[in-house]
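Accompanying notes for the structure given below.
The values are calculated or read from the model by the stated rules, or taken from the named source; none is laboratory data. The structure displayed is predicted, hence computed values, not measured ones. Quick reminder, even Gly has a Cβ in these numbers, built from the backbone with ideal geometry, and neighbours come from all protein chains shown.
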Amino acid sequence: MRYPCVLLFGAPGSGKGTQGRILARIPGFFYCACGDVFRSLDLQSDLGRIFYDYSSRGELVPDEVTVALWQQWLETTVLTHQFDPSSQYLVLDGIPRNVAQAGLMEDRIDVRRIVHLICRDQQQLYDRMKRRALRENRYDDASDRTIRQRLEVYQQETRPVLDYHPRDILAEVDATQTPIRVLQAILAVLPDPAGLTGERPLLPVESSP
């Protein structure tokens, strides 16, 4: 089946993880961060060994393997009744990471809304990422060079995914606001889970107050 889905989009440091974890506590939404998928991997499984082979060499995991790992993890959440696609929207963060992954996932997800967290202040993104890296003891990730590289990868590889989907499902939210204001703006544009059995049409939302 194609899972009804909301994509959380934005540059590193825009607050996707913060907002996603809050949405995970709201009935009708199931949050899936790509990092959680990889952290929960069984390295003794076939896909887990393939993932480890690439990551241990410092190489990028092929898109096909990434999507297969995500699908396997998601199917497990359905079987264990953590995620109920008949009553919950799947909220994705960190996947699809590029247009190739978006194409591979097209027959697996039914994207109803894309929430794009926008932060045009590059310095604010730098400051947020540095604070997060230091808070999580990831000191290598706190360097300006690493942060600049991550932002460049996002612009070159991930941001084009926005153009892969119809424009009328895109909602832009100002991520420079306080977290509670950002959450309010997100909730204002999310589809109603009560409509999953008879989805009402979504109106395009270009920006939040």
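Here are a few things to note about the model shown:
Rundown of residues vs (1) in contact with a helix residue (DSSP H, G or I) (Cβ under 8 Å, 6 or more places away or on another chain); (2) among the charged types (D, E, K, R); (3) on the phi > 0 side of the Ramachandran plot, yes/no style:
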residue: Leu8; (1), (2), (3): yes, no, no
residue: Tyr52; (1), (2), (3): no, no, no
residue: Glu59; (1), (2), (3): no, yes, no
residue: Pro62; (1), (2), (3): yes, no, no
residue: Thr66; (1), (2), (3): yes, no, no
residue: Leu69; (1), (2), (3): yes, no, no
residue: Thr77; (1), (2), (3): no, no, no
residue: Gln88; (1), (2), (3): yes, no, no
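- Boolean, Pro191 is within 28 Å of Val65 (Cα to Cα) and part of a loop (DSSP other than H, G, I, E, B): no
- Subset of the stretch 100-153 (residues that are closer than 26 Å to Glu64 by Cβ and of a type in the set (Gly, Ala, Ser)): Ala100, Ala102, Gly103
- Residue list for the stretch 119-163, filter: over 21 Å from Thr176 (Cβ atoms), surrounded by fewer than 13 Cβ atoms within 10 Å (Cβ to Cβ), at pLDDT 85 or above and out of contact with any helix residue (DSSP H, G or I) (no Cβ under 9 Å at 6 or more places or on another chain): Arg145, Gln149, Gln156
- Taken over the stretch 44-64, the criterion of being surrounded by 12 or more Cβ atoms within 10 Å (Cβ to Cβ) and over 30 Å from Gln19 (Cβ atoms) is satisfied by Ser45, Arg49, Ile50, Tyr52, Asp53.
- Residue in the stretch 65-77 that is modelled with pLDDT under 95, over 30 Å from Gln123 (Cα atoms), of a type in the set (Phe, Trp, Tyr) and crowded, with 17+ Cβ neighbours inside 10 Å present: yes
- Scanning the stretch 48-82 for residues that are farther than 16 Å from Glu106 by Cα, β-branched (Val, Ile, Thr) and out of contact with any Pro (no Cβ under 9 Å at 6 or more places or on another chain) gives Val61, Thr76, Thr77, Thr80.
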